[in-house]
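Engineer: Here it is: the structure, laid out below.
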Amino acid sequence: ATFLLLCFRSPLDTPLLFGLLLQAPLTQLSIVRQPNIVLLLADDLGIGDVGCYGNDTIRTPNIDRLAKEGVKLTQHIAAAPLCTPSRAAFLTGRYPLRSGMDAINNYRVIFWNAGSGGLPPNETTFAKILQQQGYSTGLIGKWHQGVNCESRNDHCHHPLKHGFDYFYGMPFTLISDCQPTETPEMDRAFRRKLWLSTQMIGLIILTGVLGRLTGLISVHWKTLTCLFGLSLLFFLSWFSSYGFVRYWNCIMMRNHGITEQPMVTDRTTSLIMRESISFIERNKHKPFLLFLSFLHSHTPLLTTEKFLGRSRHGLYGDNVEEMDWMVGQVLDTIDKQGLTDTTLVYFASDHGGWLERQEGTRQLGGWNGIYRGGKAMGGWEGGIRVPGIFRWPGVLPAGTVIDEPTSLMDIYPTVVHLAGGTVPQDRIIDGRDLMPLLQGKVAHSEHEFLFHYCGIHLHAVRWHQKDSGAVWKAHYVTPIFSPPGAGACYDRGFCPCFGEGVTHHDPPLLFELSRDPSEAKALSADTEPLFDTVIREIGRATEEHRRTLTAVPEQLSVYNVVWKPWLQPCCGTFPFCWCDKEDDN
């Protein structure tokens, strides 16, 4: 300061002097309060597929590097075992049934770009709050939270309506129908139900018409007309599921515009990588949020030729290793731009690996390590326990492992507080700010209870007994594995949430996860002295939780999930939807 006073003698230089003296502290303050945030979310990746979580045959050096340089969570829990509801919870910090994004039926995810369900406009995502705090916000990759509500271009569920300044990727999700050489994946059971519904409504209409003409039944023509329209809607949805899926669902968008319809899968990975790097480079001079939502490792496992045959686990292993390479490319870009110390990086998966996804002897789904169950199973650990890694050099202690219950919903308050924002006060936020735990300022997670849903059905509850450190889990409902003892629902393809495919337990099955993380041996009143106390305490917490729930519109109702031609995103004149603007470029 003395040196500067000698150099700046003129009165005109005084403001400049004070500006120089104040500039560095303010810049440093803004860096601390508003770090860049990079969220990396894998699709269908099992916790057992990653090297730092115990896999010694699939190579994931870049994800492992994140864990070595940051904090690894060993009890990181998804709020739902399927894509649409889990990602809704991730974006909003709320259990998905609070926003209507969990199902009352078997239609547990969004099935069409031309469905009317999706993340409601009145939900506030972390992206929206960060946008208000001055962040540049971008989503690259998978969305799967809906597109339109009432017309083809209203974009009411679109990422740009939910706080993202920039979107490039799939509004839907990757499915095998997107790859012309693969066996179609579109839910065959769903197709059968659509056709059955069409026939049943048609029979009702025929009965009504005959009854009216003969005078045996009094039915208004208006009612019959409405039923005919509903029957036609079901028929069109069923008909469109054959051969049209690739054109209706497998599209790429940049902001509101369609760039590929259908998508050209051979170049998808390189385009997503290019867009991610470009977003970082053009926003490096101000705080940014990049949500890179990988299409890996969802079937059909799009993998470039460079990585084919490299792993010891076939195409699935190749795909995971390519995703790890993509993580490395993002980290290298952050390093090259000099952003390493000012960037919080987070890596996770949206839920557990898909055990039932097989073709012949080929395993196309992930591995969940020592944990029981997998994708679509709301209670068993394999469906909801996922990798969770944070890195922020100089702020988070490197090489730290935390075995405390945490949730994907915790990202919401964590990044909002880091950005200097506040979480909404007009609704319940189920996530908790993780920074005190990640920095070692507190020893325990703020979560005492976590509730594990399958659709809207509560399957299990976790209790973190902080005075003893024990983690208990009570299962009220479990799926019936098929064939018996197989560990998954191979005969169905997915485990159901309710009906004949589940078992209800009274008293609940109880496990102490701190001693039995694999949930191998259920406890009873005879084997566990605290059995009754634990069940009673979990029951009390469950009743309190249920009192916080309010009725909201069901986004995954049958009407909302069926295909509606007037909502179909179309590059061209409907129904002749086709374009390839990337090739034009």
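Engineer: Whether any residue in the stretch 131-146 is over 22 Å from VAL461 (Cα atoms) and free of Cβ contacts under 8 Å to residues at least 24 places away in the same chain is what I want to check.
Structural biologist: no
Engineer: Let me ask you something else. Whether any residue in the stretch 486-506 is among the acidic types (Asp, Glu) and in contact (Cβ under 8 Å) with a residue 60 or more places away in the chain is what I want to check.
Structural biologist: no
Engineer: A further question follows. Which residue is most open to solvent (accessible area, probe 1.4 Å), if the candidates are limited to the stretch 493-516 and must be among the acidic types (Asp, Glu) and more than 22 Å from GLU356 (Cβ to Cβ)?
Structural biologist: Going residue by residue through the stretch 493-516, those that are among the acidic types (Asp, Glu) are 500, 506, 512, 516.
Pick out the ones that are also more than 22 Å from GLU356 (Cβ to Cβ) and you get 506, 512, 516.
Working: ASP506: 148, GLU512: 23, ASP516: 31 Å².
So the residue we want is ASP506.
Engineer: For LYS375, only one of the following conditions fails: (1) in contact with a strand residue (DSSP E or B) (Cβ under 9 Å, 6 or more places away or on another chain); (2) under 21 Å from ALA79 (Cα atoms); (3) of a type in the set (D, E, K, R). What is its number?
Structural biologist: With (1) in contact with a strand residue (DSSP E or B) (Cβ under 9 Å, 6 or more places away or on another chain); (2) under 21 Å from ALA79 (Cα atoms); (3) of a type in the set (D, E, K, R) applied to LYS375, the lone miss is (1).
Engineer: Do we have any residue at all in the stretch 160-174 that's of a type in the set (D, E, K, R) and in contact with a Ser or Thr (Cβ under 7 Å, 6 or more places away or on another chain)? It would help to see each step written out before you state the result.
Structural biologist: Within the stretch 160-174, the first condition is being of a type in the set (D, E, K, R), and the residues that meet it are 161, 165.
Okay, now just the ones that are also in contact with a Ser or Thr (Cβ under 7 Å, 6 or more places away or on another chain), so 165.
For the stretch 160-174, residues of a type in the set (D, E, K, R) and in contact with a Ser or Thr (Cβ under 7 Å, 6 or more places away or on another chain): present.
Engineer: Filtering the stretch 334-349 down to residues that are open to solvent by 10 Å² or more (accessible area, probe 1.4 Å) and among the polar types (S, T, N, Q), which residue is nearest to ARG33 (Cα to Cα)?
Structural biologist: Within the stretch 334-349, the match that is nearest to ARG33 (Cα to Cα) is THR342.
Engineer: Does any residue in the stretch 197-218 that is in the same structural domain as LEU236 (by the TED database) come within less than 6 Å, Cβ to Cβ, of a residue that is open to solvent by 90 Å² or more (accessible area, probe 1.4 Å) six or more places away or on a different chain, and which pairs are these?
Structural biologist: ILE205/PHE228
Engineer: Sort through GLY383, GLY420 and tell me the only one that's over 28 Å from GLY353 (Cβ atoms) and among the small types (Gly, Ala, Ser).
Structural biologist: GLY420
Engineer: State all residues of the stretch 279-338 that are polar (S, T, N, Q), within 14 Å of LEU45 (Cα to Cα) and without any contact (Cβ under 8 Å) to a residue 40 or more places away in the chain; if no residue qualifies, say none. Don't jump to the end; show me each part of the working.
Structural biologist: So in the stretch 279-338, the residues polar (S, T, N, Q) come out as 283, 293, 297, 299, 303-304, 311, 319, 329, 333, 337.
Cutting the leftovers down to within 14 Å of LEU45 (Cα to Cα) gives us 293, 297, 299, 319.
Scanning the stretch 279-338 gives a single hit, ASN319.
Engineer: Quick one: which residue in PHE239, PHE279, PHE228, PHE235 is outside any loop (DSSP other than H, G, I, E, B), modelled with pLDDT of 95 or more and not aliphatic (A, V, I, L, M)?
Structural biologist: Numbers: PHE239 fails: modelled with pLDDT of 95 or more; PHE228 fails: modelled with pLDDT of 95 or more; PHE235 fails: modelled with pLDDT of 95 or more.
Among PHE239, PHE279, PHE228, PHE235, only PHE279 is outside any loop (DSSP other than H, G, I, E, B), modelled with pLDDT of 95 or more and not aliphatic (A, V, I, L, M).
Engineer: Related question: Looking at the stretch 155-191, which of the residues that are small (Gly, Ala, Ser) and modelled with pLDDT of 95 or more is farthest from PHE111 (Cα to Cα)?
Structural biologist: We begin by selecting, within the stretch 155-191, every residue small (Gly, Ala, Ser); these are 163, 169, 176, 189.
In the following step, the residues that additionally are modelled with pLDDT of 95 or more were identified as 163, 169.
Working: GLY163: 23, GLY169: 17 Å.
Once the filter is applied, the top-ranked residue is GLY163.
Engineer: Now for a separate question. Given the conditions (1) closer than 26 Å to ARG391 by Cβ; (2) among the acidic types (Asp, Glu); (3) open to solvent by less than 10 Å² (accessible area, probe 1.4 Å), and given that GLU260 satisfies all but one, which numbered condition is not satisfied?
Structural biologist: GLU260 satisfies every listed condition except (1).
Engineer: Something else now. Being in contact with a Ser or Thr (Cβ under 7 Å, 6 or more places away or on another chain), in contact (Cβ under 8 Å) with a residue 60 or more places away in the chain and assigned by the TED database to the domain that holds LEU91, is that true of even one residue in the stretch 426-440?
Structural biologist: For the stretch 426-440, residues in contact with a Ser or Thr (Cβ under 7 Å, 6 or more places away or on another chain), in contact (Cβ under 8 Å) with a residue 60 or more places away in the chain and assigned by the TED database to the domain that holds LEU91: present.
Engineer: Quick one: how many residues across the stretch 296-314 are in contact with a Gly (Cβ under 7 Å, 6 or more places away or on another chain) and either open to solvent by 10 Å² or more (accessible area, probe 1.4 Å) or part of a helix (DSSP H, G or I) (or both)? Steps first, please.
Structural biologist: Looking only at the stretch 296-314, we keep the residues that are in contact with a Gly (Cβ under 7 Å, 6 or more places away or on another chain), and these are 297, 311.
Now drop any that are not either open to solvent by 10 Å² or more (accessible area, probe 1.4 Å) or part of a helix (DSSP H, G or I) (or both), which leaves 311.
Counting residues in the stretch 296-314 that are in contact with a Gly (Cβ under 7 Å, 6 or more places away or on another chain) and either open to solvent by 10 Å² or more (accessible area, probe 1.4 Å) or part of a helix (DSSP H, G or I) (or both) gives 1.
Engineer: Just wondering, is there one or more residues in the stretch 334-346 that are among the aliphatic types (A, V, I, L, M) and closer than 21 Å to SER270 by Cβ?
Structural biologist: So in the stretch 334-346, the residues among the aliphatic types (A, V, I, L, M) come out as 334, 339, 344-345.
Pick out the ones that are also closer than 21 Å to SER270 by Cβ and you get 334.
There is at least one residue in the stretch 334-346 that is among the aliphatic types (A, V, I, L, M) and closer than 21 Å to SER270 by Cβ.
The values are calculated or read from the model by the stated rules, or taken from the named source; none is laboratory data. From a predicted model like this one, the values you see are computed outputs, not experimental measurements. Reconstructed Cβ throughout: ideal geometry from the backbone, glycine too, with neighbour counts over all protein chains shown. The protein model used for the area step is the full one, side chains on, heavy atoms only, and it has no ligands, DNA or RNA in it. Shrake-Rupley method; radii C 1.70, N 1.55, O 1.52, S 1.80 Å.
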